[in-house]
1. What distance in nm separates the simple spin-label points at ARG131 and GLU158, each placed 7 Å from Cα in the Cβ direction?
2. On the accessible surface of region 472-602, probed at 1.4 Å, how many percent belong to carbon and sulfur atoms?
3. Under a 5 Å amide H to amide H cut-off, with H placed in plane at 1.01 Å, what residues pair with ASP445 once short-range neighbours are removed?
4. Can you give me the long-range amide H partners of GLY508? Hydrogens built in the peptide plane at 1.01 Å from N, cutoff under 5 Å, separation of 5 or more residues or another chain.
5. Full extension from ALA415 to VAL184: what is 0.36 nm times the residue separation minus their Cα-Cα distance, to one decimal in nm?
6. Heavy atoms only, probe 1.4 angstrom, no DNA, RNA or ligands counted: give me ARG589, ARG179, ARG813 ranked by accessible area, highest first.
7. Report ³J(HN,Hα) in whole Hz for each residue of region 841-857, in order, from the Karplus equation J = 6.51 cos²θ - 1.76 cosθ + 1.60 where θ = phi - 60°; Gly and Pro get x.
8. Please compare each pair in LYS472/LYS525; LYS421/LYS519; LYS481/LYS520; LYS643/LYS694; LYS481/LYS525; LYS795/LYS825 to a cut-off of 20 Å on the Cα-Cα distance and tell me which ones are over it.
Amino acid sequence: MPTDTKSPGEKTLSVSSKTTLTLKPRAETGVVRQSFSHGRSKAVVVEKVRKRTLGPGEAKAEPAAAAPDRVTPRRVGVVARGATPPAAAPASVPAAAPAPAGPKPSGVVLRTLTEEEQSRRAHALGDAKVREAEERKIAEEEAKIRQQREAIDRTEREAAEARKRLEDERRKHDEETKRKADEVAKKRFGGEEETRLKTGGTPTARKITPEAEEDDRRPARRGVGGAPVRPAVAPKTPRAGAPKQRGRLTLVTALSADEVRERSVASFRRRTQRMTGHRDSENKEKLQREVIIPETITIQELANRMSERGVDVIEILMKQGHMAKITDTIDADTAQLLAEELGHTVRRVAESDVEEGLFDAADAPETLVSRAPVVTIMGHVDHGKTSLLDAIRQTNVVSGEAGGITQHIGAYQVASPKGGKITFIDTPGHAAFTAMRARGAKVTDLVILVVAADDGVMPQTVEAINHAKAAKVPMIVAINKIDKAEAKPERVRTELLQYEVQVESLGGDVLDVEVSATKKTNLDKLLETIQLQAEILDLRANPERAAEGTVIEAKLDRGRGPVATVLVQRGTLRGGDIVVAGAEWGRVRALLADTGAPVTEAGPSTPVEVLGFNGTPDAGDRLAVVGSEARAREVTDYRARQKREKAAARQTGMRGSLEQMMAQVKTAGRQEFPLVIKGDVQGSIEAIAGALEKAGNEEVAARIIHSGVGGVTESDVTLAESSGAAIIGFNVRAHKEAREAAERTGTEIRYYNIIYNLVDDVKKAMSGMLTPELRETMLGNAQILEIFNVSKVGKIAGCRVTDGRVERGANVRLIRDNVVIHEGKLSQLKRFKDDAREVVAGQECGMAFEGYQDMRAGDVIECYRVETVQRSL
């Protein structure tokens, strides 16, 4: 193999036993230390590669190796493990062209890098770049944080400098003020000391007080230069006149003094203040305030609102002859008199003012639009009110009512043949539902009086007429059941005249229509008459205002909660509105039409079911939309408080008028039949309570301990057990827990769906509490003919039965000269010598009385039997 010739200046490769075989490095290396921020540094190896000299016949196998001298940084240390190496270099470098024959140039032939070395170098370079990028990013973030910190420090320095400037200015001002005060004090006290020394007096001694001793013990403040700084002394104006004798008052000085000691000005001022009661010499101008006075107020609160002293208010009350303490409560009239006497104006407020502006706000005439008429159907039981409404609505409500009678009030809306809608309110006709009928008459525009042609005018018909007159609403008479053979419409018209209802056919102004609900006769004519009457009334309302309405009926649904049937009268009720009805409030969760379909809003004269109340409102309560929950709570809290006070007054039996006192005296010894009533709707409970109240008499009466809407709960059973009451469920059932509790305690729960049966059963139960009636049955009379004395028996009366019969053991009266002498029982009755059970008229017998012996000949014995008869209501 040809050998490489060595170039001049290179060392010869030699092998020695004492030295290690080494190879001269290709490049010159050196270590450079790089410095970074925060005191960090890094050592970098720098290599200087010499330029490779190629012969004229050599090809450029390594372009990278032929580059000019360059500095290649290489990190000291080992390549990080797990780093991903860059893409590998080409697997092979193309071989150089074969050199032509001839002499080879001198120089060192450097070998090329292997693939592994190239990969390691590329990996190291990539890792270095990543680290430099991370360090650069960290350095930028630290620089940003440092800038922010410097900005904050700069702001704090500026604020501290500003505070320091202000402190320096204040200190300079204090020193200047102190200096001026010291100068004035030196001038004043220095002159006085000089005058006293010239006149032979002693220097003025400082009066030692606890405060002065404390000042002496306190370390003195040091000023500039270490000199003590005394507190500034306020300059005093020298008094005119001769200087006052100072110093200790002793016997010698008092006797040798040329002048008489007088009271000082300060002492005279203090004495004047004590005499005048520390009042200012100048009169302050009295402020006149507007004082808000509620129904009751304490004297202290009234004085605070007037900004007057409490003693002044009590003084005025004492002048009026009323002795009171500052914590006493006075009424609004007395408070008004006191405030006006002290020169203030008064504004009276009441607790009920929270309801002001809730209802009946006037609407502008241009905002009013036409609305549908509200029609109430009224009449006697079984005269066909609900059937007539079913025929108009083409539904079948009658079949759903228990017993075929209406026991709920319902509101429906139907389309009129002339266009538009008509709202119908169906009321019960039973006598117990008077309150329901009155409620229906109050919210209506028209009343349809249904009278059966075969029955004529009945008691509830008259009551419906009175309700319509009280509500001052027009009336339309619907004569129903004209399809029957015994129908007499003319008789109905004639009977109505007795109650001042004169129909048009008899010269009056009341419209009448003959209809038949079963045959659907003249129903169109009835609807046209209603529409005509509504046009005459010109019914209008503003749909754009907050809604107002009336709760027609309310119930507690187990799945939906409290549900109220509301007739909207003004405005539009929408979902999400906050509504108030009676003592309950809530946010409208859903609105349901009379068909059960959900609606988004309800305008005037629209009946809807409202879901979302916190509790079940009472039927007949007025509903209004308020602006906020706070306003709703304020109104309902006031109403609930009024409700509790009324209930407490009823329970405690507060003394009222003379008539109420006499009624309480009459019912003082009356027995009570306690009841717990749960119903499906509020109106049914109201009707049951009214019917049971009328069922009692002077001796026994029903007492409703608790009533509510919804099923019978466990708390109802507990209440009934503690008070010994029976539980009545009307169209409701008891919960499972309530049934178990009732079985455990033995409490009776009765269920009803017809009000007739409920009232009859309660009457029977109350009849059992009545004391039985004693009834006498006359048996006969006997006359005493002679008296016999029998040993060991006593006197025996020999008698003859004049009429009837005499029975042994019967009750007898002994009558002498038409005066009852004795009442007792017949102990013995004998016929000859044998005991007899009874003796009839015309026969003679012997009689003996129990515990009575004073019998005479000629007395009359009246024999009778006492029977116990059970009373009933």
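1. My value for the distance between the label points is 4.3 nm.
2. The nonpolar share, carbon plus sulfur, comes to 47 percent.
3. Here the answer is VAL374, VAL375, THR376, since their amide H atoms fall under 5 Å of that of ASP445.
4. Amide H to amide H, under 5 Å and 5 or more residues apart or across chains, GLY508 pairs with VAL503.
5. Here the answer is 72.8 nm.
6. Descending accessible area places them as ARG589, ARG179, ARG813.
7. Ordered by residue, 3J(HN,Hα) equals 4, x, 9, 9, 7, x, 10, 9, 9, 7, x, 8, 10, 7, 10, 10, 5 Hz.
8. LYS472/LYS525; LYS421/LYS519; LYS643/LYS694
The values are calculated or read from the model by the stated rules, or taken from the named source; none is laboratory data. It should be emphasised that the depicted structure is a prediction, and the values quoted were computed from it without experimental measurement. Every residue, glycine as well, gets a Cβ built from its backbone with ideal geometry; the counts of neighbours run over all protein chains shown. The protein model used for the area step is the full one, side chains on, heavy atoms only, and it has no ligands, DNA or RNA in it. Shrake-Rupley method; radii C 1.70, N 1.55, O 1.52, S 1.80 Å.
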